Ligand SMILES: *Cc1c(COP(=O)(O)O)cnc(C)c1O
């Protein structure tokens with residue numbers, strides 16, 4: 001049975017979004033992925049699963065998250081109106097919980113005993129630990145040693161939620177290595193479910209994560225229609241692996257008049273090793289079982305990446321974004337650390353909202369664009385998370401800048 005993939009639709013029967021995605025894994029792993037894919041599709045057709053997830057979204061996460069008009073910031077910039085989709089107001093302060101509740105509920109439905117996850121900034125680890133605690137599942141989280149240091153508070157949170165944090169000590173000791181270790185542990189344990197944190201990995205993960213995050217775009221579309229009587233002109237979201245972005249975009253893919261913009265971490269500049277802008281500066285290649293744009297080193301393997309945001313420094317990106325880029329349906333740009341930091345302060349000082357450094361990338365692009373557009377235009381920014389986790393890091397940067 002062959003099944004064709006269209007933009008915004010299901011991947012094809014081999015798990016491809018156009019030329020990207022797939023399952024680049026050994027046969028034994030493919031069997032585990034097929035088991036997962038079958039269980040996910042069964043859950044999609046099961047009303048009780050959908051109802052339980054909707055109940056949790058409303059009563060546990062606090063959905064729907066509101067949209068908010070940044071009147072002060074928009075007036076100052078003197079152009080288009082900036083709106084935020086407030087995923088920072090979710091339980092635990094980011095969009096990650098939308099996906100981990102879905103996957104942990106699926107793990108329970110499959111009769112799994114344990115979950116494992118990778119984490120970069122620690123946000124996905126915390127959201128997985130909470131989901132596992134809620135569903136009565138054992139939980140282990142793989143995290144790079146560098147990130148364990150950068151995001152100490154999230155390590156403490158995970159442990160308080162009953163999870164074990166396993167340090168990844170190889171290579172750059174950040175997100176890529178955490179994924180490597182988590183995958184290795186999962187492959188060896190049939191009672192374990194791998195809760196993947198972004199719209200990456202082999203099929204069915206990118207499709208499944210998009211499904212659980214699509215609530216962002218579904219709500220935002222209805223809310224903007226309610227507030228403005230029309231759709232926003234541009235939707236913007238930061239792109240690490242691409243889950244908050246694909247979740248927002250999913251609601252607007254069929255609305256051809258809405259521009260979709262993904263904003264990648266431009267770090268300290270475009271030189272190799274100074275950024276993590278996989279779509280803007282990478283090339284097609286296979287990492288972690290899927291084909292997409294990636295940053296490569298001289299040997300053609302996953303290269304070194306850098307971002308001010310621990311949640312954005314991954315050398316590849318969700319395959320559906322690669323398809324949307326090639327098709328021209330979404331545009332991808334990058335902003336630097338400094339631009340993201342400036343946006344972080346602008347929102348804090350003018351709207352009283354401290355954004356995550358990740359989300360600050362999307363906001364920075366909106367701040368760049370707004371003055372070039374007329375005041376009757378609307379930019380909708382995915383505020384993927386709150387910045388409480390980043391205040392120690394930003395305070396240190398401020399101290400260093402003062403000398
Ligand atoms: C993890 C994270 C991101 C990046 O992940 P995506 O999958 O690209 O969305 C962005 N913002 C916040 C707040 C995060 O925690």
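Please specify each residue of region 104-120 satisfying the condition of being under 18 Å from the mean Cα position of the chain (by Cα) and under 19 Å from residue 184 (Cβ atoms). Steps first, answer last, please.
First, the residues of region 104-120 that are under 18 Å from the mean Cα position of the chain (by Cα): 104, 116-120.
Selection gives 116, 117, 118, 119, 120.
To keep it simple, each residue is scored yes or no on (1) surrounded by fewer than 21 Cβ atoms within 10 Å (Cβ to Cβ); (2) within 19 Å of the chain's Cα centre (by Cα).
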position: 122; (1), (2): no, yes
position: 127; (1), (2): no, yes
position: 135; (1), (2): yes, no
position: 141; (1), (2): no, yes
position: 144; (1), (2): no, yes
position: 171; (1), (2): yes, no
position: 180; (1), (2): yes, yes
position: 186; (1), (2): no, no
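Would you mind stating whether residue 123 is within 24 Å of residue 217 (Cα to Cα), modelled with pLDDT under 95 and within 13 Å of the ligand (Cβ to nearest atom)?
On the way: within 24 Å of residue 217 (Cα to Cα): yes; modelled with pLDDT under 95: yes; within 13 Å of the ligand (Cβ to nearest atom): yes.
Considered against the rule, which asks whether it is within 24 Å of residue 217 (Cα to Cα), modelled with pLDDT under 95 and within 13 Å of the ligand (Cβ to nearest atom), residue 123 comes out as yes.
Report yes if some residue within region 84-98 is farther than 19 Å from residue 211 by Cα, over 16 Å from the mean Cα position of the chain (by Cα) and crowded, with 23+ Cβ neighbours inside 10 Å; otherwise report no. Among the residues of region 84-98, at least one is farther than 19 Å from residue 211 by Cα, over 16 Å from the mean Cα position of the chain (by Cα) and crowded, with 23+ Cβ neighbours inside 10 Å, which makes the answer yes. For the criterion of being in contact with a strand residue (DSSP E or B) (Cβ under 6 Å, 6 or more places away or on another chain), crowded, with 18+ Cβ neighbours inside 10 Å, touching a residue at least 24 places away in the same chain (Cβ under 8 Å) and closer than 24 Å to residue 112 by Cβ, residue 22 fails.
Determine if region 221-240 includes at least one residue that is under 25 Å from residue 13 (Cβ atoms) and either surrounded by fewer than 24 Cβ atoms within 10 Å (Cβ to Cβ) or near the ligand (Cβ under 10 Å from one of its atoms) (or both).
Taking region 221-240 and keeping what is under 25 Å from residue 13 (Cβ atoms), we get none.
Looking through region 221-240, none of the residues is under 25 Å from residue 13 (Cβ atoms) and either surrounded by fewer than 24 Cβ atoms within 10 Å (Cβ to Cβ) or near the ligand (Cβ under 10 Å from one of its atoms) (or both).
Looking across 184, 140, one residue alone is over 30 Å from residue 8 (Cβ atoms) and part of a helix (DSSP H, G or I). It is 184.
Residues in region 109-120 that are away from the ligand (no atom under 13 Å from the Cβ) and either closer than 14 Å to residue 174 by Cα or surrounded by 24 or more Cβ atoms within 10 Å (Cβ to Cβ) (or both): 2 in all. The test for being under 30 Å from residue 20 (Cβ atoms) and buried (at least 23 other Cβ atoms within 10 Å of the Cβ) holds for residue 320. For region 49-65, the count of residues that are out of contact with any helix residue (DSSP H, G or I) (no Cβ under 8 Å at 6 or more places or on another chain) and surrounded by 15 or more Cβ atoms within 10 Å (Cβ to Cβ) is zero.
Scanning region 287-317 for residues that are out of contact with any strand residue (DSSP E or B) (no Cβ under 8 Å at 6 or more places or on another chain), surrounded by fewer than 24 Cβ atoms within 10 Å (Cβ to Cβ) and within 15 Å of residue 200 (Cα to Cα) gives a single hit, 289.
Could you tell me whether region 308-317 includes any residue that is in a helix (DSSP H, G or I), within 27 Å of residue 253 (Cβ to Cβ) and away from the ligand (no atom under 11 Å from the Cβ)? Steps first, please.
Residues of region 308-317 that are in a helix (DSSP H, G or I), as a first pass: none.
No, because not a single residue in region 308-317 is in a helix (DSSP H, G or I), within 27 Å of residue 253 (Cβ to Cβ) and away from the ligand (no atom under 11 Å from the Cβ).
Just a yes or no: is a residue in region 184-204 over 23 Å from residue 38 (Cβ atoms) and either touching a helix residue (DSSP H, G or I) at 6+ places or on another chain (Cβ under 6 Å) or away from the ligand (no atom under 16 Å from the Cβ) (or both)?
Filtering region 184-204 down to residues over 23 Å from residue 38 (Cβ atoms) leaves 184.
From what's left, either touching a helix residue (DSSP H, G or I) at 6+ places or on another chain (Cβ under 6 Å) or away from the ligand (no atom under 16 Å from the Cβ) (or both): 184.
Yes, region 184-204 has at least one match.
For the list (1) within 26 Å of residue 314 (Cα to Cα); (2) away from the ligand (no atom under 16 Å from the Cβ); (3) not in a helix (DSSP H, G or I), I need the number of the one condition that residue 380 fails. Every listed condition holds for residue 380 apart from (2).
Report whether or not residue 209 is in contact with a strand residue (DSSP E or B) (Cβ under 6 Å, 6 or more places away or on another chain) and either farther than 20 Å from residue 113 by Cβ or modelled with pLDDT of 95 or more (or both).
Answer is no for this residue.
The values are calculated or read from the model by the stated rules, or taken from the named source; none is laboratory data. Fair warning: this is a prediction, and the values are worked out from it, not measured in the lab. Here Cβ is always computed from backbone atoms with ideal geometry, including for glycine, and neighbour counts include all displayed protein chains.
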